[in-house]
Amino acid sequence: MPQYNMPAVVRCLPIAALLALVACSGSEASTDTALTTVTTAAPVSPEDASVLPEREGARRETTGSVPHIQLDAELVPTVDAELRRRAYLLPGVENRESVLSLPGARGLWLSDQIELARPDVLAAGREFAHIHPDGSLHVWLPVDRAAEVHRTKWGELHPWVDRDGFWEGVVMIYTPETLAELEITIRLLIDSHNFVTGANLDSDEIP
């Protein structure tokens, strides 16, 4: 496991934030917490355009524990570049080194000028998502939306969602490998941004 010096902001984090850091980076040895919660969500109308279609194919392979990593990611450079371009077009989002993940992950950090509607769900500062080097992401979502992501196989709930102090809507989104898959990923990033900020952005606004 690579070693690195945590930024000053991390050294001052509350317990819940440190729990999130350990969960993503795997700096704690315990990995015995299985994914056992919130695999269902409230029913939604099939006419609702926000409903996620089921992702084709098998579920992606991950560690299923901490560090929570996708094992079969196939990064497509053009898709990955477009993911990062569009992710940082979200209003008020800064491209920073993640304070929650392993080295190389890029955080989506909300600037101080953006008012937060749900600061209580964030684990460290203003980071509401981060992109791993392989193009997979951890994203903070409403609990029912995270459960839908898991159910439709676009990602999976974080192994620690049932732990005290860890937000139950943290989900890994699998690495998008096509532009069609990227559209779902961007939609979910916008959902996270809207959830945390109280905004009402639509995917059409992030070209």
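Residues are listed down the side, and each one gets a yes or a no for (1) crowded, with 22+ Cβ neighbours inside 10 Å; (2) among the aromatic types (Phe, Trp, Tyr); (3) at negative phi; (4) touching a Phe, Trp or Tyr at 6+ places or on another chain (Cβ under 9 Å):
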| residue | (1), (2), (3), (4) |
| --- | --- |
| Glu127 | yes, no, yes, yes |
| Pro133 | no, no, yes, no |
| Leu137 | yes, no, yes, yes |
| Ala146 | yes, no, yes, yes |
| Gly165 | no, no, no, no |
| Ala180 | no, no, yes, no |
| Ser192 | yes, no, yes, yes |
| Asn200 | no, no, yes, no |
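Where residues in region 151-181 are part of a helix (DSSP H, G or I) and touching a residue at least 40 places away in the same chain (Cβ under 8 Å), which of them is nearest to Asp72 (Cα to Cα)?
Pass one, region 151-181, residues part of a helix (DSSP H, G or I): 151, 179-181.
Now narrow it down to the ones that are touching a residue at least 40 places away in the same chain (Cβ under 8 Å): 151, 179, 181.
Details: Arg151: 19, Leu179: 18, Glu181: 16 Å.
By that ranking, first place goes to Glu181.
As an exercise: evaluate Ala146 against (1) within 15 Å of the chain's Cα centre (by Cα); (2) part of a loop (DSSP other than H, G, I, E, B); (3) closer than 21 Å to Ser203 by Cβ; (4) of a type in the set (A, V, I, L, M, F, W, C) and give the number of the one condition it does not meet.
Evaluating Ala146 over (1) within 15 Å of the chain's Cα centre (by Cα); (2) part of a loop (DSSP other than H, G, I, E, B); (3) closer than 21 Å to Ser203 by Cβ; (4) of a type in the set (A, V, I, L, M, F, W, C) leaves (2) as the failure.
So in region 56-78, with the set limited to residues that are over 14 Å from Glu181 (Cβ atoms) and small (Gly, Ala, Ser), which one is surrounded by the fewest Cβ atoms within 10 Å (Cβ to Cβ)?
Ala58
Considering only region 105-116, I want to know if a residue exists there that is among the β-branched types (Val, Ile, Thr) and in contact with a Ser or Thr (Cβ under 9 Å, 6 or more places away or on another chain).
Within region 105-116, one or more residues are among the β-branched types (Val, Ile, Thr) and in contact with a Ser or Thr (Cβ under 9 Å, 6 or more places away or on another chain).
Need pairs with beta-carbon distance below 7 Å; first residue basic (Lys, Arg) and within region 85-111, second surrounded by 14 or more Cβ atoms within 10 Å (Cβ to Cβ); sequence gap 6+ or separate chains.
Close Cβ pairs satisfying both conditions: Arg86/Ile186; Arg86/Ile206; Arg96/Gly107; Arg96/Trp109; Arg106/Glu97; Arg106/Ser98; Arg106/His130; Arg106/Ile131.
Which of (1) touching a residue at least 40 places away in the same chain (Cβ under 8 Å); (2) of a type in the set (A, V, I, L, M); (3) under 23 Å from Asp204 (Cβ atoms) is the odd one out, the single condition Ala81 does not satisfy?
Against the list (1) touching a residue at least 40 places away in the same chain (Cβ under 8 Å); (2) of a type in the set (A, V, I, L, M); (3) under 23 Å from Asp204 (Cβ atoms), Ala81 comes up short only on (1).
We did not get these values from a lab; they are worked out from the coordinates using the rules stated. The model shown is predicted, which means the values in this text are computed figures rather than measured ones. A quick note on method: Cβ atoms are made from the backbone with ideal geometry, for glycine too, and the neighbour counts reach across all protein chains shown.
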